[in-house]
Structures are given as C-alpha cells and as structure tokens.
Amino acid sequence: MSLIEIKKPPVDQVHVSYKFHTTITVLRLDKIHPVISGNKWFKLRLYLEEATRMNKKILGTFGGAYSNHLLATAAAADLMGWKSIGIIRGERPRQLSDTLADAQLYGMQLEFVTRENYKNKKTTSSLHPDHPDDIYWIPEGGYGTLGAGGAGEILSQADGGAYDVIIAAVGTGTMIAGLTKASLPHQQIIGIPVLKNESLLTDIQQLLPDTDHQRVSLVSDYYFGGYAKKTKQLISFMNDWYQQTGIPSDFVYTGKLFYAVNDLLHKDFFSQARQILVVHSGGLQGNRSLPKGTLIF
Ligand SMILES: *Cc1c(COP(=O)(O)O)cnc(C)c1O
C-alpha cells in the first residue's frame, strides 16, 4: 500500500466560548491527501488490500455525480496502476460535474444507468463484458465491514483514547461504525446524519458486534432537508465558522457536522468537563458544485 502516501493529519484546537469555555479538538482528515481526502482513504484501504490479494486490477463502484467515494476510488485505482469503472446513477448529463470529470481524468470509465438499474447494484458493468470477473466491486459509499475496519484506523491518527466524546458526520454509517468499533469502552460516539434515513442506526449496528450497539447514537436534527440539500443558514454558518476557526467545511457533510457541534455546545448537550474530538472527514472537493462566491474559502 506504500504507493499512496498520506500525511499524518494535524489536529486543531478550537476554542468555543459560551456559558462556559469549551475547547474542542478537530482531527483534520481533510489535510491528508489532495484527492483521496478525508475518510474515503481509510474506508478504501482494506478493500484495496483485498483486491490486491485477489489479484484484481480493476475497481468498480457506484455513486452519484458528486460522490466523494467515486472520485477517491478512481484516484486510488490510478495510484495503484489499476483501472476503474464508475456506475453512475441517472442519465449522462450534457456537461459532466467536476467530480465526474476528475474521476475520468484518473482513468475511470463511466457508465450511466437508469435509477431503476442503479438500485439493483449487483448488475455487472457492460464495460468489461469479456472479463467480468476481473472487476473488484466496492459497495456504494464503501459501506461494509471492510470499510468500517479501515475507518477504525482513523482513531489511531489522533490520540484517540484521550477523548470522552467522538463526533462525526454520517452518510452510509460506515465511518461511524468503524470509529465505534475502534473506540474504548468509556467513549461515547455520536453521529450526525446528513440525510433522512430511518434505518441508519440499524445499518450502523449491522457492522458492529452486539456489545458495541449502545455506544453509538445519532443526533438526527441537522440534515438540512436531505442529502446534499442546503439552506442559506447552513452556508452562512460555514462562512462564519471558517472566519472564526480557519477550518473550511463542505456543504454535504462537514458543514452540517460543525453546525451541529456548535449548536449542541450552545444547548449544553455535553457536560462541561468532556473532551470532545470532532472528525473533519474531508469532502471539500464537493463544494465545486456551488456557484462561485457562495463560500469565502
Ligand atoms: C463519505 C463521507 C462521509 C460519510 O461517511 P460514511 O462512512 O458513508 O458514513 C462523511 N464525510 C465526508 C466528507 C464524506 O465524504
């Protein structure tokens, strides 16, 4: 795996002063690699190792037009000297999103499928009809035990054991499951879902042993209308947060995460003495889909 060099992520101390003074620590996974940023690198790791063991040299995966996972998979395949296939939900647009255009630059072959066909993800790609077995399929969003196992390594990047509370954004739930599995019994793991999905907690628990089920909880008040939806309030918070802390966020995941953390601190959700680690899971490339000037960073 030495082909892909990642930097040890820095941690930022952020001082938030309300009723009492609180310091939160932000683990900056957005800084580890220019493309395979954030949690996607960790979630891909064990899939790449398995593909290597199985001697497969084509990665296949699934995503929408702005998927961080799709782009990270394309970049990882390129770095490994492999090929990649992306199955994209919906019709081919007249102009590719920046994310898809970049994935293509990393050599990913894009196959657009109807929403109906997308749902049956087991379908094989028509791109390699002669050698379908050469493709190593990674589940959408990296969801699965291997994805969670890789995400668990995130905590060893910080002094993970020093915190009482660990908070992160939740999409498929793979990362939060991995963080829970890798955490210590005294730690409380809190996920902030960025979409409305009633079965999310079950999806997370499915990746965990029974004994860990109680240690993870979700605070589901901060999804801002749904996946990749945003409000003026969210955008202006992201700008304010950047001004106050120097930390950029993305509008799909980490903007909602920091909004939630800030709001929960205001509401005294955490008791005073607690050491809080917030995982900045990256995703900044997705901001390119916003009109220029929306964000100040
Ligand atoms: C994919 C992603 C997440 C969500 O991770 P899951 O494991 O799917 O819950 C969070 N933040 C960012 C920036 C992401 O790209």
* Please give the number of the condition W137 fails out of (1) touching a helix residue (DSSP H, G or I) at 6+ places or on another chain (Cβ under 8 Å); (2) more than 16 Å from the ligand (Cβ to nearest atom); (3) open to solvent by 50 Å² or more (accessible area, probe 1.4 Å); (4) aromatic (F, W, Y). => (1)
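Residue-by-condition table, conditions (1) among the aliphatic types (A, V, I, L, M); (2) over 25 Å from G286 (Cα atoms):
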{"position": "I85", "(1), (2)": "yes, no"}
{"position": "I88", "(1), (2)": "yes, no"}
{"position": "Q109", "(1), (2)": "no, no"}
{"position": "R115", "(1), (2)": "no, no"}
{"position": "K119", "(1), (2)": "no, no"}
{"position": "P129", "(1), (2)": "no, yes"}
* Candidate set from segment 98-128 (those that are at pLDDT 95 or above and among the polar types (S, T, N, Q)); member that is nearest to I58 (Cα to Cα) -> Q109
* Asked: Tell me, which helices (runs of 4 or more DSSP H) wholly within segment 15-116 include 1 or more residues that are away from the ligand (no atom under 16 Å from the Cβ), touching a residue at least 60 places away in the same chain (Cβ under 8 Å) and open to solvent by less than 50 Å² (accessible area, probe 1.4 Å)?
  -> 39-53, 68-80
* Structure fact -> Filter segment 208-235 for residues that are among the polar types (S, T, N, Q) and over 20 Å from S281 (Cβ atoms); the one that is surrounded by the most Cβ atoms within 10 Å (Cβ to Cβ) is T231
* Hits in segment 169-181 - residues which are more than 18 Å from K229 (Cα to Cα) and not in a loop (DSSP other than H, G, I, E, B) -> T174, M175, I176, A177, G178, L179, T180, K181
* **S289 being at pLDDT 95 or above, within 15 Å of the ligand (Cβ to nearest atom) and under 20 Å from the mean Cα position of the chain (by Cα)** => no
* Structure fact -> Picked from segment 153-181 (must be buried (at least 20 other Cβ atoms within 10 Å of the Cβ) and small (G, A, S)), the residue farthest from the ligand (Cβ to nearest atom) is A158
* Structure fact -> Residues in segment 236-262 that are open to solvent by less than 20 Å² (accessible area, probe 1.4 Å), in contact with a Gly (Cβ under 9 Å, 6 or more places away or on another chain) and away from the ligand (no atom under 12 Å from the Cβ) total 2
* **Scan of segment 263-286 for residues that are hydrophobic (A, V, I, L, M, F, W, C) and either within 14 Å of the ligand (Cβ to nearest atom) or open to solvent by less than 40 Å² (accessible area, probe 1.4 Å) (or both), ordered by number** => L264, L265, F270, I276, L277, V278, V279, L284
* Asked: Between a first residue in segment 252-279 that is on the phi > 0 side of the Ramachandran plot and a second residue that is surrounded by 19 or more Cβ atoms within 10 Å (Cβ to Cβ), which pairs have beta carbons less than 8 Å apart while being 6 or more apart in sequence or on different chains?
  -> none
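The values are calculated or read from the model by the stated rules, or taken from the named source; none is laboratory data. Predicted model only: the values in this text are computed from it and were never measured. Ideal geometry is used to build each Cβ from the backbone, glycine not excepted, and the neighbour counts take in all protein chains shown. Just so you know, the surface numbers come from the protein's heavy atoms only, side chains and all, with ligands and any DNA or RNA stripped out. Shrake-Rupley method; radii C 1.70, N 1.55, O 1.52, S 1.80 Å.
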